[in-house]
Amino acid sequence: MVWTAHILSLFPEMFPGPLGLSLAGKGLEEKAWDLTVRNIRDFAIGKHRNVDDSPFGGGAGMVIRPDVLGPAIDAALATSEEVKRVIYFSPRGRVIDQAFVRELAEGPGAIMVCGRFEGVDQRVLETRNVEEVSLGDFILSGGEIAALALLDAVVRLLPGVTGNSESLEEESFADGLLEYPHYTRPPVWEDREVPEVLLSGHHEKIKEWRKRQSEELTKERRRDLWDRRKRNF
């Protein structure tokens, strides 16, 4: 079965966007994964085609109505017997990491809700068992860019998308460490030389050097990852 993303957005023209290029775009063309985009405005209410309203209790901004978003999610669920996971991009959600990405890639796909304004009615999140996820501790104008980022992270893990599977095993976060530095030709550039061990042809020493570099970089730049790794071993 092909991994499938169902996108619900007020700006469907933002998709596939950059995902239509490079390896992700080639994978989409070759049916290594599938993308369906649905406009939330298709489910708008009344003659004015409203999708949002002012929040109960007062406050700034507008909230996407439950009688708009609920049917939109239901329509996406109805199109697939397999894809039942619903994700909503929100600053209060779980921060996405590589473990989450791998887990999502191993499933059949996901329905991704891209919010706008102040957010969506809480009742939709509760009744449709929606997972809230976040790119990090900052605010975006809407969920579309977050959806593109998550899709890119997932799609590159799918069979038939990334040609060299070994590169996926050695990259940052694959084993809880940041990736080691990379070098290529020329061996000397602006008076800077490539580390001698990488030119030695001694594969075991190269492997040891790369591991040490990964450990040092992780300890220096991401102490949280290093401490977590120490607790798990």
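The values are calculated or read from the model by the stated rules, or taken from the named source; none is laboratory data. As the structure is a computational prediction, the values presented were derived from the model and not from experiment. Note that each Cβ is placed from the backbone with ideal geometry, even for glycine, and that neighbours are counted across all protein chains shown. Remember, those area values only see protein heavy atoms, side chains included, never the ligands or the DNA or RNA. Shrake-Rupley method; radii C 1.70, N 1.55, O 1.52, S 1.80 Å.
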Has the stretch 6-26 got any residue that is in contact with a Gly (Cβ under 7 Å, 6 or more places away or on another chain) and small (G, A, S)? no
For the stretch 47-73, what are the residues that are without any contact (Cβ under 8 Å) to a residue 24 or more places away in the chain and of a type in the set (D, E, K, R)? K47, R49, D53, D67
Matching residues, the stretch 201-224, being within 9 Å of L177 (Cβ to Cβ) and either acidic (D, E) or open to solvent by 100 Å² or more (accessible area, probe 1.4 Å) (or both): K211, E215
Residue list for the stretch 66-103, filter: assigned to a strand (DSSP E or B) and either open to solvent by 60 Å² or more (accessible area, probe 1.4 Å) or of a type in the set (A, V, I, L, M) (or both): V86, I87, P91, R92, R94, V95
Qualifying residues in the stretch 13-56 (those that are part of a loop (DSSP other than H, G, I, E, B) and on the phi > 0 side of the Ramachandran plot) - the one least open to solvent (accessible area, probe 1.4 Å): G46
A110 at pLDDT 95 or above and small (G, A, S): yes
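In the stretch 36-93, which residue that is hydroxyl-bearing (S, T, Y) and out of contact with any strand residue (DSSP E or B) (no Cβ under 6 Å at 6 or more places or on another chain) is farthest from F11 (Cα to Cα)? Break it down into steps so the answer makes sense when it comes.
Within the stretch 36-93, the first condition is being hydroxyl-bearing (S, T, Y), and the residues that meet it are 36, 54, 79-80, 88, 90.
Filter again for out of contact with any strand residue (DSSP E or B) (no Cβ under 6 Å at 6 or more places or on another chain), leaving 54, 79-80.
Values: S54: 21, T79: 20, S80: 22 Å.
Among those residues, the one meeting the criterion is S80.
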G115: part of a strand (DSSP E or B) and open to solvent by less than 40 Å² (accessible area, probe 1.4 Å), yes or no? no
I'd like the full set of residues that are among the charged types (D, E, K, R) and touching a residue at least 60 places away in the same chain (Cβ under 8 Å), limited to the stretch 30-46. E30, D34
